[in-house]
Amino acid sequence: MATVAIYPGSFDPITYGHLDLIQRAAMMFDRVWVAVARDTEKKSLFTVEERIALTQAVLRGYPRLRGRVDVESFSGLLVNYARRRRATIVVRGLRAVSDFEFELQMALMNRKLNAKVETIFLMPKDEYVFISSRSVKEVAALGGAVSAFVPRIVEKSLQAKFRSR
Ligand code: PNS
């Protein structure tokens with residue numbers, strides 16, 4: 001039976017770190033749904049439609065992922081979304097110890113809600129470990145170069161966002 005994984009997050013916006021994880025997940029599972037959260041506690045810079053469009057645009061540059069990786073939004077509980085997609089795996093990235101507490105809490109909460117869904121943690125390539133959407137937005141907002149952290153289309157969208165503010 002095909003193993004379906006979901007990779008949920010805010011993706012506000014997608015970074016090279018996310019992309020690295022998507023590629024790793026695609027090597028491990030038959031199908032990967034990149035799930036862009038509609039309901040997130042964080043205030044997002046990009047609308048959910050923009051976050052999906054950017055993620056899709058970035059993935060178009062990786063033809064080997066075609067047919068294996070899809071992007072969509074989800075709302076409500078992650079475990080309910082996983083059930084709808086018949087996914088048994090939730091993929092999350094772990095960069096540093098600072099990620100761990102929140103990730104552990106979330107993984108165990110999700111396990112309580114649905115024990116059939118397993119969370120696995122993947123580590124990005126070391127050169128991406130320090131990248132976060134939050135810091136990328138901060139650098140871009142202050143006019144710094146983010147080309148080492150996000151694909152060109154994301155960089156352009158960040159510049160456009162901050163120009164229009
Ligand atoms: O990229 P992020 O912001 O770290 O992603 C967090 C996300 C969206 C994966 C998480 O907030 C989530 O799963 N939200 C859906 C609501 C839910 O299921 N909450 C219960 C688990 S704590």
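Some points to look at:
- Answer residue from region 38-64, given it is part of a helix (DSSP H, G or I) and over 15 Å from the mean Cα position of the chain (by Cα) and is farthest from the ligand (Cβ to nearest atom) among those: Pro63
- Considering the conditions (1) free of Cβ contacts under 8 Å to residues at least 40 places away in the same chain; (2) within 14 Å of the ligand (Cβ to nearest atom); (3) part of a strand (DSSP E or B), Pro8 is excluded by exactly one of them, (1).
- For region 100-144, filtered to residues that are over 20 Å from Gly17 (Cβ atoms) and among the basic types (Lys, Arg), the residue that is farthest from the ligand (Cβ to nearest atom) is Lys116.
- Filtered residues of region 32-58 (kept if touching a strand residue (DSSP E or B) at 6+ places or on another chain (Cβ under 7 Å) and open to solvent by 20 Å² or more (accessible area, probe 1.4 Å)): Trp33, Arg38, Ile52, Gln56
- Single residue of region 92-148 satisfying the filter (of a type in the set (Val, Ile, Thr) and in a loop (DSSP other than H, G, I, E, B)) that is most open to solvent (accessible area, probe 1.4 Å): Val129
- Extreme residue, least open to solvent (accessible area, probe 1.4 Å), among residues of region 149-165 that are outside any helix (DSSP H, G or I) and farther than 24 Å from Ile22 by Cα: Ser164
- Qualifying residue in region 13-31 (condition: within 12 Å of the ligand (Cβ to nearest atom), open to solvent by less than 50 Å² (accessible area, probe 1.4 Å) and over 18 Å from Val90 (Cα atoms)): yes
The values are calculated or read from the model by the stated rules, or taken from the named source; none is laboratory data. This one's a predicted model, so the numbers in the text were calculated from it and none came from an experiment. Reconstructed Cβ throughout: ideal geometry from the backbone, glycine too, with neighbour counts over all protein chains shown. We work out accessible area using only protein heavy atoms, side chains counted, and drop any ligands, DNA or RNA first. Shrake-Rupley method; radii C 1.70, N 1.55, O 1.52, S 1.80 Å.
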